[in-house]
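To keep things clear, I will list the structure first and then write my remarks on it.
The values are calculated or read from the model by the stated rules, or taken from the named source; none is laboratory data. Fair warning: this is a prediction, and the values are worked out from it, not measured in the lab. Because the Cβ atoms are built from the backbone with ideal geometry, glycine has one as well, and the counts that use them run over all protein chains shown. In case anyone asks, the SASA skips ligands and DNA or RNA and just uses the protein heavy atoms, side chains included. Shrake-Rupley method; radii C 1.70, N 1.55, O 1.52, S 1.80 Å.
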Amino acid sequence: MEMSSGNLTADRRFAYAQLLRRDGDAAAAADVLAQTLELVPDWPEGRFALAEALADAGRKYDAIAAFEAYLESDPADSMGAAVKLALLTETAPVVLPEAYLRRLFDEYAPRFEKALREKLHYRAPEILRAALDETQPGTIFARVFDLGCGTGLAGVALRDRAAWLGGVDLSAAMVKGARDKDIYDQLNVGDMSAALDDLTERCDLIVAADVLTYVGNLAPLFTAVRQRLTTPGLFAFTVQRYEGEGFVLGAEHRFSHSRTYIETVSAQCGFQILRLDPAVSRQEKGVDVPGLVAVLRAN
Ligand SMILES: C[S@@+](CC[C@H](N)C(=O)[O-])C[C@H]1O[C@@H](n2cnc3c(N)ncnc32)[C@H](O)[C@@H]1O
């Protein structure tokens, strides 16, 4: 493992962060290390040090994301992140079983749109469209990929901004709804991470409307999205907002993510935040569910 990042300013910041950490100020060390990684985002030593500082600062879920990001840059794990992760994640649920989600949405599909639109006042696709209109007015994106496309509501909202539109969903019944709309150039049934791996060409926009609520730890997915985006390409998504730290699985089996968690994972995975704003995508039992809309740009 190379101790120098190859960037003098980054090395100086790194050394300063180590001093801060040794003096017991892990939170400040984490801030300095985050700035260091802006200069050298792929440097494994820096990623690992940030993860340790976050763990020391008590930011458990941010630390988990950071250790995962480190493993992306050093799959051999020469610094022992797997052990750190095992200790940190002992009780943390980070994914929902695929089979569970598939069955849930296969059963939900026939009444999905009516239930979401009429009862839950669902509007994540329109919120994403508005966010993209503001950040990238008028752009026709060459290749757009819709993660967890469901019955294709986001496709409808974005079709006129996409020269080519692809989509994937775990549930065959939901994909049938999307196929019936006849607006996608390509549709796949399967897991979104696997579908990203299978993409033969990079996209300049990847969207996830109300889908990341089914994923706890976002770091592996963000990394996969980053790898399939052009530079600069955009990643636009909605999440449910958590006012605590990191992410949490709610009683309704949906994850909520904190703003700082989104910020940490975005930076770790090579994204710049263009927008990260409060937005209400749906209601639950007649009450607005707090959320966030994000538009990230691949660095
Ligand atoms: C609430 S729906 C949203 C559907 C669509 N994006 C929309 O805006 O109407 C969530 C969708 O995400 C899909 N999904 C959840 N986890 C997934 C995964 N790992 N891979 C692919 N699809 C997934 C579900 O099957 C479901 O269709």
Spelling it out for Asp210: with amide H atoms placed in the peptide plane at 1.01 Å from N, the residues 5 or more places away or on another chain with amide H under 5 Å from its amide H are Thr238
Once phi is turned into ³J(HN,Hα) by the Karplus curve 6.51 cos²θ - 1.76 cosθ + 1.60 with θ = phi - 60°, what whole-Hz value does each residue of segment 158-172 show in order, with x for glycine and proline?
10, 3, 6, 9, 10, 6, 10, 10, x, x, 9, 8, 5, 9, 5
Which residue, Leu165, Leu88, Leu276, has the most motion in a Gaussian network model of the chain that connects Cα atoms within less than 10 Å?
Leu88
Counting sequence-distant residues (5 or more places) and residues on other chains, those with an amide H built under 5 Å from that of Gly246 are Ser258, Tyr261
Defining a contact as two alpha carbons under 8 Å apart and six or more residues distant in sequence, what relative contact order in percent does the chain show?
16
Any idea how far apart Leu120 and Glu134 come out in nm if each label point goes 7 Å out from Cα toward Cβ?
2.3
Each residue of segment 116-127 in turn: what ³J(HN,Hα) in whole Hz from Karplus with 6.51, -1.76, 1.60 and θ = phi - 60°, glycine and Pro shown as x?
5, 6, 8, 8, 9, 6, 6, 8, 4, x, 5, 5
Using the heavy atoms of the protein chains alone and a 1.4 angstrom probe, what is the accessible area of the chain per residue in square angstrom?
45
Evaluate the distance, in nm, between pseudo-label points positioned 7 Å from the Cα of Ala99 and of Glu243 along their respective Cα→Cβ axes.
3.9
Report the convex hull volume per residue for segment 174-231, counting only C-alpha atoms, in Å³.
98
Highest average packing first - 206-215, 152-161, Cβ atoms within 10 Å
206-215, 152-161
The correct pair for segment 8-88, radius of gyration to one decimal and Dmax as a whole number, both in Å and from Cα atoms, is 11.5, 34
Around Pro232, what is the net charge, scoring Lys/Arg as +1 and Asp/Glu as -1 over all other residues with Cβ under 12 Å from its Cβ?
+2
Positive minus negative residues near Arg259 (Lys, Arg vs Asp, Glu; Cβ under 15 Å):
-2
q = 0.07, 0.11, 0.12, 0.15 Å⁻¹, the chain: log10 I(q)/I(0) [Debye, one scatterer per Cα]:
-0.27, -0.66, -0.78, -1.16
For the chain, the accessible surface attributable to carbon and sulfur atoms (probe 1.4 angstrom, ligands and nucleic acids excluded) amounts in percent to 52
Measuring from label point to label point, each 7 Å out along Cα→Cβ, what is the Glu263 to Met3 span in nm?
3.2
For His121, residues with placed amide H under 5 Å, excluding near neighbours:
Gln283
Can you tell me, using C-alpha contacts under 8 Å and at least 6 residues apart, the relative contact order of segment 8-88 as a whole percent?
23
Stretchable slack from Glu113 to Thr231, in nm (0.36 nm times residue separation minus alpha-carbon distance)
39.1 nm
Rounded, prolate or oblate, given the Cα gyration tensor of segment 120-276, with a/c below 1.5 counting as rounded?
rounded
